[in-house]
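Quick notes on the structure that follows.
The values are calculated or read from the model by the stated rules, or taken from the named source; none is laboratory data. Bear in mind that the values here come from a model prediction, so they are computed numbers and not experimental data. Virtual Cβ from ideal backbone geometry, glycine too; neighbours counted across all protein chains shown.
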């Protein structure tokens, strides 16, 4: 299957491309800027994809330019969908990566796909707006929406929490400056997310949204304690008020039943690496970067 992939150079996109090729697919990265509608139209026409995986987005919640969330995540996605509906042969499946951030803060946990959305930041709001906009194409495109909960792995930017922690522990830094320590998240593995995307390309129901999650949340303090145990290093943890967000989502844990039931019907199983396995791979990668910088 020829898959058009947006965000191919990003953290998730690089690994997804590797796993898709290993599964026998052809992956064609989108080169055009999503905000340039005519360039998108021409490139999509030339590629003529059989499937589309749309990962490109501004995903760092602390991004300084609020308007960019909507320009890329909403308008950029609209440009892509407009180009796809103009194809003589439309793709068999279009997978749009949304986010669990659309749920916001809720007392309900774990969260299933029927939870009313209540985003508390521009990232979550832009992803929700993207989902609503995409609904207008459901009569013309076979759309599947994914809502991944927090995930991480080697290669993720150090602006994100877990890579930052892994880098500091690997370097045996004396201290780490963090924001709110009293948060609880799933910290799933990027491998699981990429595999879920591939399975949903094959088996996802048109027009449906699926949580990609494990249902296993971890307190941030537990992650820090686990890294300390794995490295035999205990840095000083400092809370920097500049890193504390007023609109922080305090607990984010998903209900994976909808996806699991779908896959069970197809005889498919989604592997879910343990947190310690993910952290071990990240520490190893971080040590390699530290050694390279010294040499």
If residue 135 meets every condition in (1) surrounded by 14 or more Cβ atoms within 10 Å (Cβ to Cβ); (2) touching a strand residue (DSSP E or B) at 6+ places or on another chain (Cβ under 9 Å) apart from one, which number is that one? (1)
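Within the stretch 97-127, how many residues turn out to be within 20 Å of residue 53 (Cβ to Cβ), touching a helix residue (DSSP H, G or I) at 6+ places or on another chain (Cβ under 8 Å) and assigned to a helix (DSSP H, G or I)?
Our first condition is that a residue be within 20 Å of residue 53 (Cβ to Cβ); within the stretch 97-127, this holds for 97-102, 113, 123, 126-127.
Those still in the list that are touching a helix residue (DSSP H, G or I) at 6+ places or on another chain (Cβ under 8 Å) too: 97-99, 101-102, 113, 123, 126-127.
If we keep only those that are assigned to a helix (DSSP H, G or I) as well, we get 101-102, 123, 126-127.
Total meeting the criteria: 5.
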The helices (runs of 4 or more DSSP H) lying wholly within the stretch 130-242 that contain at least 2 residues that are over 18 Å from residue 55 (Cβ atoms) and modelled with pLDDT of 95 or more are 161-170, 220-231
Filtered residue count, the stretch 9-50, keeping only those that are in contact (Cβ under 8 Å) with a residue 24 or more places away in the chain and in contact with a strand residue (DSSP E or B) (Cβ under 8 Å, 6 or more places away or on another chain): 16
Within the stretch 191-213, can you find the residues that are buried (at least 22 other Cβ atoms within 10 Å of the Cβ) and either free of Cβ contacts under 8 Å to residues at least 60 places away in the same chain or closer than 20 Å to residue 116 by Cα (or both)? 210, 211, 212, 213
Just name the residue that is nearest to the chain's Cα centre (by Cα) out of those in the stretch 243-262 that are modelled with pLDDT of 95 or more, outside any loop (DSSP other than H, G, I, E, B) and surrounded by 19 or more Cβ atoms within 10 Å (Cβ to Cβ). 254
